[in-house]
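First the structure, in the form of structure tokens, and then the observations on it.
The values are calculated or read from the model by the stated rules, or taken from the named source; none is laboratory data. This structure is a prediction, so every number in the text was calculated from the model and none was measured. Positions of Cβ are backbone-derived with ideal geometry, glycine not excepted, and every protein chain shown enters the neighbour counts. Surface accessibility is based on the protein's heavy atoms, side chains included, excluding ligands, DNA and RNA. Shrake-Rupley method; radii C 1.70, N 1.55, O 1.52, S 1.80 Å.
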Amino acid sequence: MSEPSDSANAARRGVEAFTRQLMAGVAKPLDLGASLAPEDIISSLTAGLARDAKHWQEIQDRHYRRQLELWAAYVNAGIAPPAAAKPEAPDRRFRAPEWREQPYFEYLARSYLLAGQWLREIVECAKLDPQSKKKLDFFARQFIDAMSPANYPWSNPEAIRLAAETDGASVNQGLRNLAADIDRGMISMTDESAFEVGRNLAVTPGEVVFENDFMQLIQYRPTTDGVWERPLVMVPPCINKYYILDLQPENSLVGHAVGQGHTVFMVSWRNMPAGMGHATWDDYLERGVMKALEVAAAVCGVDKVNALGFCVGGTLLGSALAVMRARGDESVASLTLLATMLDFSDTGELSVFVDEAYVEKRERDFADGGVLHGRELAITFASLRANDLIWNYVVNNYLKGRTPEPFDLLYWNGDSTNLPGAMYVYYLRNTYLENNLRTPGKLTMCGEPVDLGKIDMPAYVLATREDHIVPWRTAYASARLLGGRIDFILSASGHVAGVINPASQNRRNFWLNPSLQADAERWLGEATASPGSWWPHWTEWLARSGGKRVPARSDPGSKTYPPIEPAPGRYVKEKC
């Protein structure tokens, strides 16, 4: 047998180096922190299986039998492989024809799927407390996703074929992509060169009319001759940039509201520097939300405004309104909440990250100040959908050496903001961990005991049916904490796509039911489905709280609050 050529050895060394860098690069997003204590959960699982040895043996025997049947199907022609080993139709990891037409790759895929089923069966029968079982299920899913043969250069037929067709150029480019992503600390999900805030994102015309250490307030220019006299103040999540609500002209909720005759103000949260690490939740209410409401009312010369909050922006807005109601302030005419939790009794998969040990650790981390870096939260959210938001890009960027397609939502998703550590740990403990906000008088904010039931203005509460961050049933329970007339709307799709659903595209659908009963499932069972976007339904609802129609003023700001700079302003352009 002849010795391998120098070029073959170089290729082998390149693949080995690629593999080492690949695993180092993707290990960080899957590092979930010591607070999850996987070794303790696995020890408990092992002990539980020992107590139920017969069931364990049944699972093992079934898996062993299926793997033998699968192997026999490839050794002996004419024997059908077990049906349990067939990839599901939507599984895009195995869409390439080689996974079906070449026995080696077909066997790899089916054997992997059987192994995943075996591990899920073990987790399902584990005798653990509910929280530990959630964590074990999460770890098992992360492991199963990571072990897919599609994720590795030696077992992905598309990557192998592309490497041969390009004489190794795809491997070289993949290594360069991997090195660049390791340097930036994040996996690239979109072609970032295709977007720029202020050029083709966040381009609705307006002016910054107020700023402080926490936020800038943008007032958008009208596009109609007449406007509703009461402005709309939007409070976006502070863990991302505001322009999720003002992406491009064709999918901008801001642009839609302005086009319907609303004077829109937007809170643009600051990307917090280390020196602001001691800023508190109360600071965000007083100097962020409530200040924005006050300035908008003053600029428009009215005594009432309308308010909208999205995700944690909605939690901040709800908290601020509870404080304002405790002070006798009735300056908000209507409330819109988009994918927001006020009741945190079921936080879905995010609950695996938050327990007493984790919160205590973060409280120690930020005892002397400091900021939570936005990338940490971005990685956490990505791990909830690892196949779509981690491994898909590992394969595309590193194994195939390609650049991701331009996608505005994913560009925004990677444009995180830093949070003050003090504010973050307060939020963690009092919402995710202890669910204190839902209990009247349990929390004192800005010197006032807060009661969400005192928020009695009309409220439009939107949830999204496939939301993995704010489960729709939790948003439903949150709506029932409010004290006024509630219109609850359930939109199709997920946390972002269900909210950013432009009327012009007329996609998806939403469900309506005026009876806000105790049982969320019964509400849905009796709800009526409406085709298309929820945006027109909402703006029709919002108009009822808009007051009179008045002539539009072309110049944003006022004598007290003159324009500072054009939208989108400086704060939104600051990077982590």
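Side notes on the structure shown:
- Some residue of the range 308-325 being open to solvent by 10 Å² or more (accessible area, probe 1.4 Å) and either over 19 Å from residue 292 (Cβ atoms) or touching a helix residue (DSSP H, G or I) at 6+ places or on another chain (Cβ under 6 Å) (or both): yes
- With respect to being touching a residue at least 12 places away in the same chain (Cβ under 8 Å) and either of a type outside the set (Asp, Glu) or open to solvent by 30 Å² or more (accessible area, probe 1.4 Å) (or both), residue 396 falls outside the description.
- Checking each residue in the range 224-248 for being part of a helix (DSSP H, G or I) and farther than 17 Å from residue 208 by Cβ picks out only 244.
- Search result, residues across the range 511-538 that are farther than 13 Å from residue 487 by Cα and either touching a residue at least 60 places away in the same chain (Cβ under 8 Å) or of a type outside the set (Gly, Ala, Ser) (or both): 519, 521, 522, 524, 526, 528, 531, 535, 536
- Subset of the range 449-484 [in contact with a strand residue (DSSP E or B) (Cβ under 7 Å, 6 or more places away or on another chain) and surrounded by fewer than 19 Cβ atoms within 10 Å (Cβ to Cβ)]: 458, 465, 484
- Any chance residue 164 is surrounded by fewer than 21 Cβ atoms within 10 Å (Cβ to Cβ) and farther than 30 Å from residue 353 by Cβ: yes
- When the residues of the range 499-518 are filtered to those that are modelled with pLDDT under 95 and within 24 Å of residue 437 (Cβ to Cβ), the one that is most open to solvent (accessible area, probe 1.4 Å) is 518.
- Output for the range 325-368, where each listed residue is within 23 Å of the chain's Cα centre (by Cα) and closer than 21 Å to residue 303 by Cα: 335, 336
- Flag for residue 270 being closer than 27 Å to residue 422 by Cβ and surrounded by fewer than 19 Cβ atoms within 10 Å (Cβ to Cβ): no
- Residue 292 vs. criteria within 28 Å of residue 452 (Cα to Cα) and surrounded by fewer than 24 Cβ atoms within 10 Å (Cβ to Cβ): no
- Residue satisfying all of: in the range 135-180; of a type in the set (S, T, N, Q) and in contact with a Leu (Cβ under 7 Å, 6 or more places away or on another chain); farthest from residue 122 (Cα to Cα) among these: 170
- Taking helices (runs of 4 or more DSSP H) as the structural unit, no element lying wholly within the range 102-215 holds at least 3 residues that are without any contact (Cβ under 8 Å) to a residue 40 or more places away in the chain and in contact with a strand residue (DSSP E or B) (Cβ under 8 Å, 6 or more places away or on another chain).
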